[in-house]
Amino acid sequence: MRHKLPPLNALRVFEVAARAGSYSAAARELNLTHGAVSRHIAILEDWLGQPLFAREGQSMAPSQHARAFAREISAAFDHIADAAERYGKNQRVKVIRVSASATVAMRWLIPRLPRFAERHPDVDVRVSTAMSTEPALRGSFDLAIRRHVPSGGQFQSWPLFQEHNTVIASPRLLASAGLSRVEDLAAQTWLTSETRPGDWEAWLDAAGEPLLRAHRTLRFDHFFVTLQAVADGMGFGIGPFPTLDTDRVSGRIDMPFPGLTVKGSTYYALVPLDADKPVHMRDFMDWLKETGEPEADARVST
């Protein structure tokens, strides 16, 4: 594998040049001459067997192919820097890398992290996100939060919480709509997500109105986009709790029928069995169990 790697110094110069957009900008950032940058790029182009930059006016600009390649190289350099920081002999920063689906990371985990930071101010929790539609666990992490536990016995796992779903809307829209019965929703716009199919149907079944249909429906690709549309008053959506507890408490969204809920997904914490588990990692695992336990035990109506 070592012999298949491109020249690493040339790769580093290329990444900067592609990100900065020109040889001149890369030369300034790296404190190199324009000619040195050009030579490194030529070495990498020769190794790859194809050009990466083309002349645009007085400058050399990266191609679309080069920009895509640079994005992956940047991610790889970030992983190398992270590993060096975490495993360096003189490194005093304690780092925990958490991978979570985007909505849970933004709406559930991150709002709760200040509580962990109060207890452990010397620990740096770094959160990366993944789409819930991605079937595989990608990237490097110390702990992941997902809807399912992968088969194969590669992870220590425990349930964090189970979502319960109900109708949500912005307080302004809710005040103007004047809903008093579930049937009144038929005159409204319903917002749906491709990543959470069947949410409306499941809730309507639980509400005893399986045949109710919307006056208008708008579909978005991911739930966090739908949530923004709900908060902006574009229509009514189906939202999961406790994931959206902070949005409700802050007044960003409200629930017209809080007593009508249906069970949603269960989220699990996943820790690779072969992962290093220093004290600060075990502290984070204990805190996460403590944080999720009351919600994992919650009972909702169906």
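If you plug each phi of region 114-120 into the Karplus form 6.51 cos²θ - 1.76 cosθ + 1.60 with θ = phi - 60°, what whole-Hz ³J(HN,Hα) values come out, in order, with x for Gly and Pro?
x, 5, 5, 4, 5, 7, 10
Could you compute the FRET efficiency for Q154 and I110, with r as their C-beta to C-beta distance and R0 at 30 Å, rounded to 0.05?
So the FRET efficiency works out to roughly 0.70.
Give the whole-number value, in cubic angstrom per residue, of the convex hull volume spanned by the C-alpha atoms of the chain.
199
Once amide H atoms are built 1.01 Å from N in the peptide plane, which residues 5 or more positions from S193, or in another chain, come under 5 Å H to H?
Residues meeting the amide H criterion: F220.
Going by amide H atoms built from the backbone, whose H comes under 5 Å of the H on Q156, apart from near neighbours?
V271, L273
Where does region 2-87 land on Rg(C-alpha)/(2.2 N^0.38 Å)?
Working it through for region 2-87, the quotient is 1.08.
Roughly how tilted is helix 279-296, in degrees to the nearest 10 and between 0 and 90, from the longest Cα axis of the chain?
Here the helix axis deviates by roughly 20 degrees.
Given 0.36 nm per residue, what is the gain on full extension from A81 to R67 after removing their alpha carbon distance, in nm?
3.0 nm
Once both labels are modelled 7 Å past Cα along the beta-carbon direction, what's the R219-L48 spacing in nm?
Between R219 and L48, the simple spin-label model gives 3.7 nm.
At 7 Å along Cα-to-Cβ for each site, give me the label-to-label distance between H120 and E183 in nm.
For H120 paired with E183, the spin-label model returns 5.4 nm.
Quick one: compute the contact order of region 2-87, relative version, from alpha carbon pairs under 8 angstrom and 6+ residues apart, as a percent.
That works out to 30 percent.
Quick check on the chain: of the DSSP beta bridges with both residues there, what percent are antiparallel, nearest 5%?
55
What percent do you get for the relative contact order of region 163-264 when only Cα pairs under 8 Å and 6+ apart count?
Over region 163-264, the number comes to 50 percent.
Normalised radius of gyration for region 163-264, please: alpha carbon Rg relative to 2.2 N^0.38 Å, two decimal places.
The value comes to 0.94.
Can you tell me the length gained on complete extension of the stretch H34 to R248, counting 0.36 nm per residue apart and subtracting the Cα distance?
Contour length minus Cα-Cα distance gives 71.6 nm.
Which peptide among 282-292, 145-155, 16-26, 233-243 comes first, and what is the full order, when sorted by highest mean count of other Cβ atoms within 10 Å?
By packing density, highest mean first, the sequence is 233-243, 16-26, 282-292, 145-155.
Amide H neighbours of K277 under 5 Å, at least 5 residues apart or on other chains, H built in the peptide plane: list them.
Residues meeting the criterion, in which the H sits 1.01 Å from N, do not exist here.
So if each residue of separation counts as 0.36 nm, and I subtract the Cα-Cα distance between R19 and D283, what length gain in nm does that give?
Computed gain between R19 and D283 is 91.3 nm.
Lysine pairs in the chain with Cα distance under 28 Å, only those 8 or more apart or on different chains: how many are there?
The result is 5.
Quick note: the coordinates plus some simple rules give every number you see, no bench work behind them. For clarity, every value in this text was computed on a predicted model and none was experimentally measured. Here the Cβ is made from the backbone with ideal geometry for all residues, glycine too, and neighbour counts use every protein chain on show.
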